[in-house]
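Below is one structure, written out as structure tokens, with a few remarks after it.
The values are calculated or read from the model by the stated rules, or taken from the named source; none is laboratory data. Every value quoted in this text rests on a predicted model; they were computed, and no experiment measured them. In this analysis, Cβ positions are derived from the backbone assuming ideal geometry, glycine residues included, and neighbour counts consider all displayed protein chains. Quick note on the areas: whole protein, heavy atoms, side chains included, nothing else; ligands and nucleic acids left out. Shrake-Rupley method; radii C 1.70, N 1.55, O 1.52, S 1.80 Å.
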Amino acid sequence: MYHRILPESDPRYHQEEPGMRVTPESFEMHLRELKRHFELVSLGDWVKAQESGAVLPRQACAVTFDDGWRDNFEYALPLLKKHQVPATLFAVAEKIGTDFQFWPNVVAALMLSGAGPTLAKHPVLGVAGMVAVKPTPEQVAACIKQLKAYTDLELFQALEELKWRELLSEPMKPALMDWPQLREMQASGLVEIGSHTCTHQRLNRALPESELEREIVESRSRLERELEHPINLFCFPNGDYSAEALSLVKRYYKAAVTTQKGINDAADCSLHEMVRIGIHNDITSTPQRFNARLSGWV
């Protein structure tokens, strides 16, 4: 499970949570290591084989990306092409090609720009650590973790109340790729696209039933219209889902991935609650660390 692929020289690298980023150098090393130890497969192909009872590789690995970050197009796609590695990218359907920013990135950008004291005055955003004028990456990550106690709607409303764009010294760069870039990813023949909902809302019991259905069902329709290709795979935002959400996903998709850590055993695999191994630079920057992560040691 990957999110962002960014060089350390890119300003976006330093505005992102450590658990969300991998450098291109590390990513290329990962691909080399994966090819040494596994048969790299498309997640969709593995699911089809599992459903049909076909013979599966003894040790298969599928590379996945969450959200549809623009840097996936800029830095990951060239390396996937170079090493001919298949991957699955889960896109937030209604936010592709827009100026949308995820609330954790907005909060991080505000804190790193010195707006912590302003955030601290807000009843929702004023959690411990916000007051720091020059916060450490650890303080930023801790604040974001605490804010997840609120719904996405509450957090976006709070940021709008503060007119967050006016608090930044310069506008944030586009977070997600546009439709031509996403189509180019798909046209590479290496990247299959799955749904990551319409707007990236967490699919827990706090979300009304009507919104739950829109996020799960309409996201599939939107992606199929734009990409002219069936969408059979789904990814739960933040790994959150209720029984109702799981039921809907089972109805409309062939398989889905969670954020739970683990290895999927073909003999006992729930195709709509597939586990993954989260990868980020801090714990996978060397072959030894990367392989230890894959083994379950860290």
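Does region 224-257 hold any residues that are in contact with a His (Cβ under 8 Å, 6 or more places away or on another chain) and open to solvent by less than 40 Å² (accessible area, probe 1.4 Å), and which are they?
Correct list: PHE234, CYS235, PRO237, LEU246, VAL249, TYR253, ALA255, ALA256.
So, in region 196-210, how many residues would count as being among the polar types (S, T, N, Q), under 13 Å from GLU244 (Cα atoms) and not in a helix (DSSP H, G or I)?
Residues that pass the stated criteria total 1.
Out of LEU40, LEU89, which single residue is in contact with a Phe, Trp or Tyr (Cβ under 8 Å, 6 or more places away or on another chain) and either open to solvent by 40 Å² or more (accessible area, probe 1.4 Å) or not basic (Lys, Arg) (or both)?
Details: LEU40 fails: in contact with a Phe, Trp or Tyr (Cβ under 8 Å, 6 or more places away or on another chain).
Result: LEU89 is the single residue among LEU40, LEU89 that is in contact with a Phe, Trp or Tyr (Cβ under 8 Å, 6 or more places away or on another chain) and either open to solvent by 40 Å² or more (accessible area, probe 1.4 Å) or not basic (Lys, Arg) (or both).
Those residues that are part of a helix (DSSP H, G or I), open to solvent by less than 50 Å² (accessible area, probe 1.4 Å) and in contact (Cβ under 8 Å) with a residue 24 or more places away in the chain, I need them from region 96-138; list them, please.
Hits for region 96-138 are TRP103, PRO104, ASN105, VAL106, VAL107, ALA108, ALA109, LEU110, MET111, LEU119.
Name the residues in region 45-68 that are crowded, with 20+ Cβ neighbours inside 10 Å and among the small types (Gly, Ala, Ser), would you?
ALA62, GLY68
Conditions: (1) in a loop (DSSP other than H, G, I, E, B); (2) under 24 Å from LYS250 (Cα atoms); (3) at pLDDT 95 or above; (4) aliphatic (A, V, I, L, M). VAL85 meets all but one. Number of the miss?
Result: VAL85 fails condition (2) only.
Which one of these does GLU218 not meet: (1) touching a Cys at 6+ places or on another chain (Cβ under 9 Å); (2) without any contact (Cβ under 8 Å) to a residue 60 or more places away in the chain; (3) surrounded by fewer than 18 Cβ atoms within 10 Å (Cβ to Cβ)?
(2)
Just to verify a result, which residue in region 140-192, among those that are among the hydroxyl-bearing types (Ser, Thr, Tyr) and either assigned to a helix (DSSP H, G or I) or at pLDDT below 95 (or both), is surrounded by the fewest Cβ atoms within 10 Å (Cβ to Cβ)?
SER169
Of all residues being touching a residue at least 24 places away in the same chain (Cβ under 8 Å) and of a type in the set (Val, Ile, Thr) in region 258-282, which is surrounded by the fewest Cβ atoms within 10 Å (Cβ to Cβ)? Just the residue, please.
ILE263
Please pick out the residue among LEU162, LEU80 that is in contact (Cβ under 8 Å) with a residue 12 or more places away in the chain, over 29 Å from MET29 (Cα atoms) and of a type outside the set (Val, Ile, Thr). Write out each step before concluding.
Details: LEU80 fails: over 29 Å from MET29 (Cα atoms).
Sole residue among the options that is in contact (Cβ under 8 Å) with a residue 12 or more places away in the chain, over 29 Å from MET29 (Cα atoms) and of a type outside the set (Val, Ile, Thr): LEU162.
Yes/no per residue for (1) more than 21 Å from CYS235 (Cβ to Cβ); (2) part of a helix (DSSP H, G or I); (3) touching a Phe, Trp or Tyr at 6+ places or on another chain (Cβ under 7 Å):
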{"residue": "GLU28", "(1), (2), (3)": "yes, yes, no"}
{"residue": "GLY44", "(1), (2), (3)": "no, yes, no"}
{"residue": "VAL47", "(1), (2), (3)": "no, yes, no"}
{"residue": "VAL55", "(1), (2), (3)": "yes, no, no"}
{"residue": "LYS81", "(1), (2), (3)": "yes, yes, no"}
